[in-house]
Amino acid sequence: MAGRMRGFVEGAGGGRGFLLPVFLAIFLAFAALPACADDGPPSFAPLVRKVLPGVVSIAVTEPLNTNEALDTLPPALRGTPFEKQFREQLRRRPEKATDAGAGFIIDASGIIVTNNHVVGVAKDIEVTLADGTSLPARVIGADELTDLALLKIAPPHTLTVVGWGNSRSVEVGDWVLAAGNPFGLANSITAGIVSARGRDIETGPFDDFLQIDAPVNPGNSGGPIFNMKGEVVGINTAIVSPSGGSVGIAFAIPSDEARSIVAQLLAHGHIDRGWLGVALEDLPDNGNDPGVAVTQVVHEGPAAQSGVRSGDIILSVNGQPVYNTQGLIRAVAAIPPGRNARLTVFRGGKAVQISVTIGHRPPMRAD
């Protein structure tokens with residue numbers, strides 16, 4: 001730009017003395033604008049070089065009924081150049097279907113985080129590193145309710161590990177990078193911003209997603225969301241997609257939630273959550289007052305054995321007020337099975353204290 005403006009001023013003949021102040025005014029106006037670094041980095045390339053080696057692509061094969069094989073195609077491959085290739089593969093090996101996902105390395109020993117729905121029913125799992133090395137993997141821990149799973153590979157060389165960031169510090173409007181394996185293409189990075197926090201998309205009682213406005217497609221599931229420091233602040237898990245492709249709205253599990261679940265999966269391979277054994281309902285027009293209605297009590301469940309009744313209003317758990325069903329479920333789930341919990345219940349016009357021995361939450365329960 002400087003060369004073009006210099007030519008304009010010096011080629012103006014007799015008007016040079018007049019145009020020079022104009023040029024200086026324009027230059028100063030541009031100098032007063034915010035630097036590009038304040039609006040976003042001039043290039044994401046240095047950050048991509050840093051984090052991409054810690055991102056993996058995941059291919060899974062799932063057992064199929066032979067009659068269903070030719071009519072079944074993974075969503076991540078529909079409408080792509082790979083559709084014909086995989087239809088041919090299905091004809092040759094109709095006992096399996098192939099799907100795609102992503103993950104990221106959190107430990108140099110070969111520990112990888114991904115989504116449970118990527119690997120949950122897989123017969124075989126293959127992980128491809130950023131350098132193209134493909135390795136078999138096995139599931140060493142999984143949690144359906146938060147859609148998280150851990151894989152283990154035997155690394156042939158030193159692996160690049162990515163670190164956790166603090167999702168509590170993420171603000172709406174922050175730049176983020178989404179990494180993954182969209183449509184099986186592998187090693188893909190897109191950029192966008194965090195557009196909302198605390199999204200409940202009704203997939204389960206623990207929904208508390210970051211909303212990401214970046215292109216995220218089928219095959220990105222399990223891939224990391226990076227902040228501008230190269231830290232993982234979220235994990236891709238769902239998209240809004242009437243068409244099957246990206247419309248620019250995706251949802252990510254916050255890193256603070258994921259990190260604690262991953263630690264428990266590493267230690268135990270599963271998550272033990274507390275359970276009351278009740279059906280719940282939010283109170284209408286409850287305002288700022290605590291209280292969740294019990295609409296049904298599971299026969300011989302923990303609540304029933306402790307005297308909780310249908311029609312009770314649960315006000316608090318261990319002294320902590322609860323304001324909605326999700327808050328109550330989370331509070332109970334955080335209590336280890338076998339421990340006692342103190343419920344404050346509103347019944348017959350007065351508050352009643354009830355001690356409950358928390359039970360073990362059955363798989364995929366909503367109460």
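Where a number appears in this text, it was derived from the coordinates with a stated rule and is not lab data. In this text, all values refer to a predicted model and were calculated from it rather than measured experimentally. Here the Cβ positions follow ideal geometry from the backbone for every residue, glycine too, while neighbour counts run over all protein chains shown.
Couple of notes before you dig in:
- Within the range 269-285, the set of residues being part of a loop (DSSP other than H, G, I, E, B) and in contact with a strand residue (DSSP E or B) (Cβ under 9 Å, 6 or more places away or on another chain) comprises 269, 270, 271, 272, 273, 276, 277, 283.
- Residue match in the range 154-164 (condition: part of a strand (DSSP E or B), crowded, with 21+ Cβ neighbours inside 10 Å and either β-branched (Val, Ile, Thr) or over 16 Å from the mean Cα position of the chain (by Cα) (or both)): no
- Residue within the range 186-205 that is assigned to a loop (DSSP other than H, G, I, E, B) and within 27 Å of residue 130 (Cβ to Cβ) present: yes
- Beta carbons closer than 7 Å, at least 6 apart along the sequence or on distinct chains, pair a first residue in the range 284-304 that is within 12 Å of residue 314 (Cβ to Cβ) with a second that is in a helix (DSSP H, G or I) for 292/325; 292/328; 297/303; 297/304.
- Residue in the range 256-269 that is in contact (Cβ under 8 Å) with a residue 60 or more places away in the chain and surrounded by fewer than 14 Cβ atoms within 10 Å (Cβ to Cβ) present: yes
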